[in-house]
Amino acid sequence: MADEPPHPEPAVRCAVASSVTDEPPGLLARLAADPDPSVRSFLAMNEHLPTELLALLAADSEASVRSSVIQRRRGVPDEVRRMLLTDTDPGIRSGSVRAFAPPADLLPGLLADPATRAAAVAHAVPTAELAADPDSDVREAIAAHPDLPPGLRDLLAGDQDFFVRNTIAARPDTPPALRERVVATLEPDSPVAEWMLSFSTHTCPPAAPAPPHLSRQQAEALLARAGL
């Protein structure tokens with residue numbers, strides 16, 4: 001019942017919070033006020049959670065709870081996204097801009113914020129200023145931008161940072177000759193760089209050939225041969 005005491009084990013309350021509906025009425029609100037942040041974190045992932053309680057958890061005093069709201073990704077209303085994108089915790093802001101496409105009016109502030117600048121680049125128009133940013137993470141994000149113009153791509157191909165050049169080499173639109181020149185510069189300068197390079201071939205697979213056009217009779221014959 002609504003006035004029954006909560007189960008003494010937080011693990012049990014977490015399991016309940018993750019999927020329970022609001023039966024009896026008021027149960028979800030009680031879980032949103034649970035003293036254990038892990039319970040509130042599990043509740044943040046509950047698909048039955050109404051908007052007002054999701055907003056309450058997005059303003060929770062514990063960053064772990066607010067982070068769980070971000071992990072929902074889908075079904076997070078605009079007003080809740082705005083709360084998370086402007087959170088006081090830089091980690092929450094950074095996680096939010098990676099999870100949600102920010103509204104246009106927040107993008108300038110996110111680009112000006114060191115904690116979110118690199119992640120916000122994916123939602124911005126690539127510019128020469130961003131391609132010359134002193135933060136290599138920003139330049140790497142620009143190098144991976146799907147709308148990167150050829151001029152900036154060629155500029156970043158000579159970037160001083162290994163990871164920026166590696167990103168340019170891995171782009172499918174990098175011309176083969178340029179890719180070869182960039183790959184020739186990819187001498188790992190650290191164990192991390194060497195480990196990352198081990199996963200990169202810097203080659204694009206050839207386009208798959210178009211399937212042959214079959215007549216209806218040919219298709220039926222193939223299906224019959226396969227026993228379908």
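Here are the numbers for this structure:
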quantity	calculated
Residue within region 26-45 that is at pLDDT below 95, within 13 Å of Arg72 (Cα to Cα) and under 29 Å from the mean Cα position of the chain (by Cα) present	yes
Verdict on Arg66 being farther than 23 Å from Asp105 by Cα, of a type in the set (D, E, K, R) and modelled with pLDDT of 95 or more	no
Complete set of residues in region 49-71 that are open to solvent by 30 Å² or more (accessible area, probe 1.4 Å) and closer than 16 Å to Val39 by Cβ	Leu56, Ser61, Glu62, Ala63, Ser64, Ser67, Gln71
Enumeration of residues in region 113-170 that are among the charged types (D, E, K, R), surrounded by fewer than 22 Cβ atoms within 10 Å (Cβ to Cβ) and not in a helix (DSSP H, G or I)	Asp113, Asp133, Asp135, Asp147, Asp161
Contacts under 7 angstrom Cβ, first residue in region 18-46 being within 14 Å of Arg66 (Cα to Cα), partner β-branched (Val, Ile, Thr) and not in a loop (DSSP other than H, G, I, E, B), 6 or more apart	Pro37/Val65; Arg40/Val65; Ser41/Val65; Ala44/Val65; Ala44/Val69
Near pairs, Cβ below 6 angstrom, 6+ apart or cross-chain, from region 98-113 (among the polar types (S, T, N, Q)) to any residue that is assigned to a helix (DSSP H, G or I)	none
Selection status of Pro134, modelled with pLDDT of 95 or more, closer than 27 Å to Asp87 by Cα and in contact with a His (Cβ under 6 Å, 6 or more places away or on another chain)	no
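The values are calculated or read from the model by the stated rules, or taken from the named source; none is laboratory data. Being a predicted model, the structure only gives us computed values, none of them experimental. Every residue, glycine as well, gets a Cβ built from its backbone with ideal geometry; the counts of neighbours run over all protein chains shown. Surface accessibility is based on the protein's heavy atoms, side chains included, excluding ligands, DNA and RNA. Shrake-Rupley method; radii C 1.70, N 1.55, O 1.52, S 1.80 Å.
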